[in-house]
Amino acid sequence: MNKVDFSNLGGDQLVLDDLEYMQNGLADGIKGLASYFNTLSNNPVILSGLEATVIGTNVVYSNGYVAKDGEVCFVRGGSTSTLFNSPSITFINGFNEAGTETYENLSVVKTYIQ
């Protein structure tokens, strides 16, 4: 796993490359674990949560985590109708508004991808 030895920085400040190095180390470890579950199945694999309950014509499911394409994805709980189709979950990239940056030229950039 990639690590930065902070005791050897000698007071130098962290740079973006240091943070990217640490982030990639953590992401690679998680991808390694997730890829194991994906070798068991070509479909996404539920790691935890996503407990489903049928209420009338709806399926209500809790928050959970899924291994998909070698990554661990968070799935926000919700509900779906079972009247005309079988329940399914679609994965899309989203943005966390906490990572929105507004620059001097008033351009807005979303930096936190989920």
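With respect to the stated conditions, Asp69 is closer than 23 Å to Thr111 by Cβ, open to solvent by 50 Å² or more (accessible area, probe 1.4 Å) and modelled with pLDDT under 80. Within region 75-95, the set of residues being at pLDDT 70 or above and surrounded by fewer than 10 Cβ atoms within 10 Å (Cβ to Cβ) comprises Thr90, Ile92, Asn93. The test for being under 20 Å from Asp69 (Cα atoms), in contact (Cβ under 8 Å) with a residue 24 or more places away in the chain and of a type in the set (Val, Ile, Thr) holds for Ile30. The single residue among Thr111, Thr80 that is under 27 Å from Val4 (Cβ atoms) and among the polar types (S, T, N, Q) turns out to be Thr111. Here Thr53 meets the list (1) over 27 Å from Phe95 (Cβ atoms); (2) polar (S, T, N, Q); (3) touching a residue at least 24 places away in the same chain (Cβ under 8 Å) almost entirely, failing just condition (3). Just one of (1) assigned to a strand (DSSP E or B); (2) in contact with a helix residue (DSSP H, G or I) (Cβ under 9 Å, 6 or more places away or on another chain); (3) of a type in the set (D, E, K, R) fails for Glu101. It is (2). I want to confirm something. Restricting to region 96-114 and keeping residues that are of a type in the set (Gly, Ala, Ser) and exposed (fewer than 10 other Cβ atoms within 10 Å of the Cβ), which single residue is modelled with the lowest pLDDT? The qualifying residue modelled with the lowest pLDDT is Ala98. When region 7-61 is filtered for residues that are exposed (fewer than 10 other Cβ atoms within 10 Å of the Cβ) and more than 30 Å from Ser79 (Cα to Cα), the ones remaining, listed by number, are Ser7, Asn8, Gly10, Gly11, Asp12, Gln13, Val15, Leu16, Asp17.
The values are calculated or read from the model by the stated rules, or taken from the named source; none is laboratory data. The model shown is predicted, which means the values in this text are computed figures rather than measured ones. Virtual Cβ from ideal backbone geometry, glycine too; neighbours counted across all protein chains shown. Note: areas computed on protein heavy atoms with side chains; ligands, DNA, RNA excluded. Shrake-Rupley method; radii C 1.70, N 1.55, O 1.52, S 1.80 Å.
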